[in-house]
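> First the structure, which I've put down as structure tokens, then a few questions once you've had a look.
The values are calculated or read from the model by the stated rules, or taken from the named source; none is laboratory data. Everything quoted here is computed from the prediction, not taken from an experiment. Neighbour counts are summed over all protein chains in view; Cβ atoms, including those assigned to glycine, are modelled from backbone coordinates with ideal geometry. The protein model used for the area step is the full one, side chains on, heavy atoms only, and it has no ligands, DNA or RNA in it. Shrake-Rupley method; radii C 1.70, N 1.55, O 1.52, S 1.80 Å.
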Amino acid sequence: MSGAISTPRAKRRTAQARPWVFSFLGAGAVFLATIAFTGGTGAGQILSTALTFATMYVIVGLGQMFVITTGPGNVDLSIPSTIALAGAVSMTVMGGSDAMILPGILAALGVGVAVGCFNFALIRILQIPPIIATLSASFLIQSVAIAYGRGLRVRPPAAFGEFATGRVLGVPYLAIATLVLCLAMGVLLHRTVYGRSISAIGQNPRAALLAGIPVERLRWATYVLSAVLAGLCGAVLAGFSGGSSLNMGEEYLLASIAVVVVGGSSVSGGQSNVPGLWGASIFLYLLVTMLNTFGVGAGLRLLLTGLIIIAIITVAGGPRTGRN
């Protein structure tokens, strides 16, 4: 009898320790449904393409994850406009020359630093709530991107384009590079003073402040990190797409938040994980692919996508929202 009772408890403890499992289960279920409908045709290509597009979600999701970890109300809505501006700046600096790839990437990261500082200035100095501040900043940044990038279509350097679109044994170079980035961000989140401090801030900012943690300085660093990763995504996305465009960041507004929450991080802050970003990103791409394969119309596809995401969050919500 005790064994029968302990098994469900053990499963609940496992789910709480590994909340990212739900995102991978969802991705697996959607993939199986898709290949069952197609009779297995193109399964390898679907997975390879999913990995390519998932990397973009993962990169912006990493930054958004750190911001959300700092507690309720913290979110970065300037990501799409940052992607657009950074993509245009990076392509201009590169100018199609392989020798300028590194300066172009650094320029994109510099755009991220500037945007992150501007976002936090609105939050800290003007005392504007983060959602309003970053949304307002997004309009301003998008205006700059329009003024800077209107009519601009600079092709990426050949080497950069080959890296952004290339594969080895069916695995995209981008996915491998993003995996390395995720390992570094995982260490930053779980193994450094910075990562432990922002988790403490998310759980109880007042207690963190009384414990001597520089709350505002770390929140500033977190918003800068989010914008820097959005800038990196802008450069990579421009390389993948054959050039920058003003609307290339639009789909990453809600997607950057969805991959964090579906991936098992607590929306109330204080508890986050990196592996779930991969499961959630692959899940989101495969979900759209499945609905397209089934011939679902655009309106119904958006509705079903939202409902399925809500279902996944609801099922996974219990284990990851609890706090000690």
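> Does Met56 satisfy the condition of being over 17 Å from the mean Cα position of the chain (by Cα) and in a helix (DSSP H, G or I)?
When the stated conditions are applied, Met56 does not pass them.
> Could you go through segment 258-266 and let me know if any residue there is open to solvent by less than 10 Å² (accessible area, probe 1.4 Å), of a type in the set (S, T, N, Q) and either in contact with a His (Cβ under 7 Å, 6 or more places away or on another chain) or under 24 Å from Pro205 (Cα atoms) (or both).
Within segment 258-266, one or more residues are open to solvent by less than 10 Å² (accessible area, probe 1.4 Å), of a type in the set (S, T, N, Q) and either in contact with a His (Cβ under 7 Å, 6 or more places away or on another chain) or under 24 Å from Pro205 (Cα atoms) (or both).
> Here's another thing I want to ask about it. If the requirement is being out of contact with any His (no Cβ under 9 Å at 6 or more places or on another chain) and assigned to a helix (DSSP H, G or I), which of these qualifies: Leu254, Leu246?
One residue alone meets the criteria, Leu254.
> For segment 70-85, name all the residues that are farther than 14 Å from Asn247 by Cβ and crowded, with 24+ Cβ neighbours inside 10 Å.
Residues satisfying the conditions are Thr70, Asn74, Asp76, Ser78.
> Further question: In segment 140-161, is there at least one residue being of a type in the set (Gly, Ala, Ser), in contact with a helix residue (DSSP H, G or I) (Cβ under 6 Å, 6 or more places away or on another chain), at pLDDT 95 or above and crowded, with 19+ Cβ neighbours inside 10 Å?
no
> Another one. Exactly one of (1) part of a helix (DSSP H, G or I); (2) within 23 Å of Ile105 (Cβ to Cβ) is unmet by Arg153. Its number?
(1)
> Let me ask something additional. Under 6 Å between Cβ atoms, which residue pairs at least 6 apart in sequence (or on different chains) link something in segment 121-150 that is under 19 Å from Gln64 (Cα atoms) with a partner that is assigned to a helix (DSSP H, G or I) and aromatic (Phe, Trp, Tyr)?
As it stands, the answer is Ala137/Phe118, since those pairs meet every condition given.
> So Ala88 clears everything in (1) hydrophobic (A, V, I, L, M, F, W, C); (2) in contact (Cβ under 8 Å) with a residue 24 or more places away in the chain; (3) closer than 17 Å to Tyr148 by Cβ; (4) open to solvent by 40 Å² or more (accessible area, probe 1.4 Å) except one condition, right? Which one?
Here Ala88 meets the rest and fails (4).
> Now a separate question. Within segment 229-252, work out how many residues are more than 25 Å from Ser199 (Cβ to Cβ) and open to solvent by 30 Å² or more (accessible area, probe 1.4 Å).
Looking only at that region, the number is 7.
> How many residues, within segment 267-290, are open to solvent by 10 Å² or more (accessible area, probe 1.4 Å) and outside any loop (DSSP other than H, G, I, E, B)?
Total satisfying the criteria: 8.
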